[in-house]
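Structure first, commentary second.
The values are calculated or read from the model by the stated rules, or taken from the named source; none is laboratory data. As the structure is a prediction and not an experimental result, all values here were calculated from the model. As a convention, Cβ positions derive from the backbone with ideal geometry for all residues, glycine included, and neighbour counts pool all protein chains shown.
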Amino acid sequence: MQLYNLILVLNNKKDKVLMCFRSKDPYKGLYNLVGGKIEPNEDYLKSAYRELFEETGISNQDIDLLPFMDYIWHPLNMNMIVFIGSLQHEVKLVKELHELIWIDINSNFFDMNKFAGEGNIGHMMEIYFQTKAKLFK
């Protein structure tokens, strides 16, 4: 099974979500969360921190990531492990490939003409709103 991580990064005020604007497929021209492939035998959390740093410059000194949810697509033999975290302070973002943008947390993340993931980002945000008191005490 191919493993991927996806990281839902909130700013330190928890009113914006970090997205990348995809410049290539999949999801070219749409906003998506940052993340990437988990290497064979790589620790899932370490892979999330690695991808986050590679794509944004955000380090484990800037954010504490928590396991949030998993998606498994059996027909595609694919598992997406989603992490969530809120920045401890403002950071200067370092773009790797895709433009990085802070998006208002109250946006319509179900808009598939704007956001990647066939509505999955919208579901993630709904679960965040339902569980944020437990996640960030």
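Can you tell me which residue within the stretch 114-137, out of those that are of a type in the set (A, V, I, L, M) and over 17 Å from ILE103 (Cα atoms), is surrounded by the fewest Cβ atoms within 10 Å (Cβ to Cβ)?
ALA133
Can you tell me how many residues within the stretch 6-16 are surrounded by 18 or more Cβ atoms within 10 Å (Cβ to Cβ) and either small (Gly, Ala, Ser) or in a loop (DSSP other than H, G, I, E, B) (or both)?
0
For LEU87, work out the one condition from (1) at pLDDT 95 or above; (2) within 21 Å of ASP43 (Cα to Cα); (3) touching a strand residue (DSSP E or B) at 6+ places or on another chain (Cβ under 9 Å) it doesn't fulfil.
Of (1) at pLDDT 95 or above; (2) within 21 Å of ASP43 (Cα to Cα); (3) touching a strand residue (DSSP E or B) at 6+ places or on another chain (Cβ under 9 Å), only one is false for LEU87: (2).
Could you look through the stretch 93-132, keep only residues that are among the acidic types (Asp, Glu) and assigned to a strand (DSSP E or B), and pick out the one that is modelled with the highest pLDDT?
The qualifying residue modelled with the highest pLDDT is ASP104.
Which numbered condition trips up LEU97, out of (1) touching a residue at least 40 places away in the same chain (Cβ under 8 Å); (2) surrounded by 12 or more Cβ atoms within 10 Å (Cβ to Cβ)?
It is condition (2) that LEU97 fails.
Those residues that are among the small types (Gly, Ala, Ser), within 14 Å of LEU18 (Cβ to Cβ) and in contact (Cβ under 8 Å) with a residue 40 or more places away in the chain, I need them from the stretch 36-69; list them, please.
ALA48
On the given criteria, is LYS137 in contact (Cβ under 8 Å) with a residue 24 or more places away in the chain, part of a loop (DSSP other than H, G, I, E, B) and basic (Lys, Arg)?
Judged against the criteria, LYS137 is not a match.
Counting only residues that are in contact (Cβ under 8 Å) with a residue 40 or more places away in the chain and under 15 Å from the mean Cα position of the chain (by Cα), how many does the stretch 110-124 have?
Total meeting the criteria: 6.
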